[in-house]
Amino acid sequence: MIKSIINPIRASLKALLLASALLCVSIPGTAKEFVVVIDAGHGGKDSGALGKTSKEKNINLAVARKLGDEIASRFKDTKVVYTRTNDVFVTIKGRMDKAKAVKADLFISLHCNSAALENPRRSSLSGTSVFVLGTNNANDNIDLAMRENSAILLEDDYKTTYKGFDNSPEYYIFTEINQSKMMGKSNSIANAVQRQLVSHAGLKDNRVNETSRLWLLLHSTMPAILIELDFICNPVREQFLNSADGQKKMAQAICNGIRDYRLSLGHSVGNAKPSSTLADHTSSAPTPPGKSAAGSKDKAKPSDKSPTETPSVKNSTTVFKIQFLSSPSKLPEGSPKLKGIDRCESYRDGTAYKYTYGSYPTMEAATAHLKEIRAKFPDAFIIKMIDGKRIK
């Protein structure tokens, strides 16, 4: 009885949230600058996580400045906006409000990870992870969300501003988020940046993670990611996070990820070429010998086939597919929501059904068909599957 009452209300709320998000999304013109908002987490009275000799807020700001300089020197069509440029306290809502005000194309929030004092592995934990908005309500992200959202409690009258936010585990467990149209692009930039932090900066790969609990990501209206650079509670990693060389490498890595992401969108970024494949959530996926998409010598040519004529590859354990739609329920054959792409496949991811087109042996082959799918679904992106299972 209760479920029959709650479900329609929940569906209505989701629809309202999604409609509000879509209204706030700017439609870029042909001459519009690409705007990147860099958010140095914490600041002022909010120190963030503490190491033995340093504070998270200072590391975040140092990397933010270096990242801004790197972007400005490499991308002439890009405008960098900071949520803070010195040691001041900025509300979490204020950070996202600023990104919305400048009609940001990309929002990047920088943080350092940590662990509870009672954690016996506290001083040995290491690794980087990029967080992106998702539908995963697993309890294992609650601690991180409570830590990164804790600045809200330092704000005056936060209960009015954040409408009932209480930063308790129960709040997150029972908070259900809508799946906005930006999630596909956020996944793409998250994967690109994670790859570069591992390959260029040499950080341990703790993978891309989905969360529905981080306020910044939940209320963004543009592709947005939150990066946990490394563990400040580990003295060795703390030293790296504070070093000029370490900060430069991390800034360069994130900039490389932005370059790869923009190239995947078809942007002209000087003479740059993608440094790695951009499959969704494949930053740490093992690739079987002889199946490396990035190292393939096959050069895919643009196809003249209609998107309804789904090309396929047989006898391959590793394939790339174009994911173009997510639905809370399975769609009937010929559904208008599929926009005429009738030879597609779907798989279940949590409570959602994800729809894909094609099955390609290489990333290059999938990319050749991406443009025609994006003509109908602008936020389509590429995923990697092994033996019929999506790699996350």
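The values are calculated or read from the model by the stated rules, or taken from the named source; none is laboratory data. Predicted model, so just to flag it, every value in this text is computed and none were measured. So basically every Cβ, Gly included, is an ideal-geometry build from the backbone, and we count neighbours across all protein chains shown. The accessibility values were calculated without ligands, DNA or RNA, using every heavy atom of the protein model including side chains. Shrake-Rupley method; radii C 1.70, N 1.55, O 1.52, S 1.80 Å.
Residues of the stretch 349-366 being outside any loop (DSSP other than H, G, I, E, B) and not aromatic (Phe, Trp, Tyr), which ones?
If the condition is that a residue be outside any loop (DSSP other than H, G, I, E, B) and not aromatic (Phe, Trp, Tyr), then Asp349, Ala352, Lys354, Thr356, Gly358, Ser359, Met363, Glu364, Ala365, Ala366 are the ones that fit.
Quick check on the stretch 214-269: of everything there that is among the charged types (D, E, K, R), touching a helix residue (DSSP H, G or I) at 6+ places or on another chain (Cβ under 8 Å) and open to solvent by less than 10 Å² (accessible area, probe 1.4 Å), which residue is nearest to Ile373 (Cα to Cα)?
Step by step, filter the stretch 214-269, then rank; the result is Asp260.
If I filter the stretch 104-116 for residues that are at positive phi, in contact (Cβ under 8 Å) with a residue 12 or more places away in the chain and in a loop (DSSP other than H, G, I, E, B), do I get at least one hit?
Looking through the stretch 104-116, none of the residues is at positive phi, in contact (Cβ under 8 Å) with a residue 12 or more places away in the chain and in a loop (DSSP other than H, G, I, E, B).
Report whether or not Lys76 is open to solvent by 60 Å² or more (accessible area, probe 1.4 Å) and over 29 Å from Arg237 (Cα atoms).
Spelling it out, Lys76 is indeed open to solvent by 60 Å² or more (accessible area, probe 1.4 Å) and over 29 Å from Arg237 (Cα atoms).
A quick yes/no check of all residues on (1) open to solvent by less than 20 Å² (accessible area, probe 1.4 Å); (2) not in a strand (DSSP E or B):
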{"position": "Leu325", "(1), (2)": "no, no"}
{"position": "Leu331", "(1), (2)": "no, yes"}
{"position": "Gly334", "(1), (2)": "no, yes"}
{"position": "Ile341", "(1), (2)": "yes, yes"}
{"position": "Tyr347", "(1), (2)": "no, no"}
{"position": "Ala368", "(1), (2)": "no, yes"}
{"position": "Phe377", "(1), (2)": "yes, yes"}
